[in-house]
Amino acid sequence: MQGMSPLRVGVIFGGRSGEHEVSLASAASVIAALERRGHAVVPIGIARDGRWVVGGDPLRALAAQARVTLPSDDATGAVKKALADRAESVDVGNASTALVRTEPAGGLPPELRAGLDVAVIMLHGPYGEDGTIQGLLELADVPYVGAGVLASAVGMDKATMKAVFQAHGLPIVDYTVVLRHEWRDHPATVTRRIKEVTGFPCFVKPSNLGSSVGISKVRKAAELPAALDEAARHDRKIVVERAVKNPREVEVSVLGNDAPEASLPGEITYDAEWYDYATKYAEGQAHITVPAPIGPRRTARVREIALAAFRAVDCAGMARVDFFLEDGRVILNEINTIPGFTATSAYARLWEATGIPYEDLVERLVALALERHRDTRPT
């Protein structure tokens, strides 16, 4: 595609969630792509304690703190290895990685207050993918890539997301929502409800976390208390879902604003019992086949539902929509409004197979951010 005029682009990464390291990998790839296209990149980090990290090289500074090696171009392999084996030490370079300045948590750094043409949010999970940083950028009147406040919040909260999908008549798995105080105060009632609604096996999930953090597969009633206790450590709201039988897992990438497009689907395969945190981020544990070998009818169906899910939450810019196939039936699992974004992440690989190379994809997203900013302001 034709390149756009050079812009001053802020890339925001790190954050307070458990997906901090994954965010650094996404940001490293995006920054490299933007710089290759001639844009001036302003790296803006957020430390684990919520402080803004600015000046110098915030990306490498946070990578040093997280003990993650970030190659200059694509950090995916290094980050996956670090997540898998929690390496004790890495070569973090020299003084260029120093934290030159930190702003108080919640304070707005000068880099956001002055002169950005657009921001790319590469934060995953709570305090980044959930509408909070999007609201801050709205207040600062800075255009930003991706979903707005509402879609981000709905996409992050699994309970609300499922309620919205259900209201739109989209095919989802049987589920129930348990509040932390309900489980603590009335465990017998909660257990009975779960047996009636989802049965066993089922999955127990914190409503507002990603990357399979805090999720347990419960095969029988005796395992339920430990799973609910674990989920309640992470969130006051817990989603319990029926386990899909022998599922095939399929993902579709969506790109656009008012007229979104869906990529070819990809199928995720792995040797583990289910797609848990270690399987997602340990090198070589999961594989994606693009296009997914699911036949033309189901390919059309998952693309259709992906677009419907995108519109249901009023999404914008980008999203990855995940599905289960159960005995040929398509079941919508969830929407991810800021999916992993390295050049080898599923979102980018699906668009590569559909005909949009990584650098073009990044530029398309920046253009969509500017378009949405214009369209949402008073005329």
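Worth pointing out:
- Isotropically averaged projected area of region 213-365, using the convex hull of Cα atoms (one quarter of hull area), nm²: 10.0
- Taking region 224-379 and dividing mean pair separation by its residue count, relative contact order in percent (alpha carbons under 8 Å, at least six apart): 24
- Rg ratio (alpha-carbon, reference 2.2 N^0.38 Å) - region 231-271: 1.75
- Phi angles across region 368-376 convert, under the Karplus curve 6.51 cos²θ - 1.76 cosθ + 1.60 with θ = phi - 60°, into 3J(HN,Hα) values of 5, 5, 5, 5, 5, 4, 5, 6, 9 Hz, Gly and Pro given as x.
- Each part gets one Cα centre, and for region 4-55 versus region 237-263 those centres are 26 Å apart.
- Rounded D (µm²/s) - region 283-379, Kirkwood Rh over Cα pairs, Stokes-Einstein at 4 °C, 1.567 mPa s: 86
- Ratio Rg/Rh [Cα only; Rh per Kirkwood] for region 287-337: 0.97
- For region 321-338, Karplus couplings with θ = phi - 60° (6.51, -1.76, 1.60), whole Hz, Gly/Pro x: 10, 10, 10, 10, 10, 10, 6, x, 7, 8, 10, 6, 8, 6, 10, 10, 7, 10
- Per-bin percent of Cα-Cα distances, region 103-258 [10 Å]: 10, 33, 29, 18, 9, 1
- Extension gain for the segment E304 to A188, taken as residue separation times 0.36 nm less the Cα-Cα distance, is 37.7 nm to one decimal.
- Full extension of the segment from K217 to D49, taken as 0.36 nm per residue of separation minus the current Cα-Cα distance, would add 57.4 nm.
- Per-peptide average of other Cβ atoms within 10 Å, ordering 145-156, 39-50, 235-246, 286-297 highest first: 145-156, 39-50, 235-246, 286-297
- Dimensionless Rg/Rh of region 322-364 - Kirkwood Rh, Rg from C-alpha atoms: 1.08
- Sorting 27-36, 257-266 by their mean Cβ neighbour count within 10 Å, with the most densely packed peptide first, gives 27-36, 257-266.
- For N257, nonlocal amide neighbours, meaning residues 5 or more places apart or on other chains whose placed amide H falls under 5 Å from its own, are G317.
- Size of region 1-49: Rg and Dmax of its alpha carbons, in Å, are 12.3, 40.
- Karplus-based coupling profile of region 352-365, in residue order and whole Hz: 4, 5, 8, x, 10, x, 4, 5, 4, 4, 4, 5, 4, 5, with θ = phi - 60° in 6.51 cos²θ - 1.76 cosθ + 1.60 and x standing for Gly or Pro.
Here, each number is a calculation from the coordinates, and none is a lab measurement. Fair warning: this is a prediction, and the values are worked out from it, not measured in the lab. All Cβ positions, glycine included, derive from the backbone under ideal geometry; neighbour counts span all protein chains shown.
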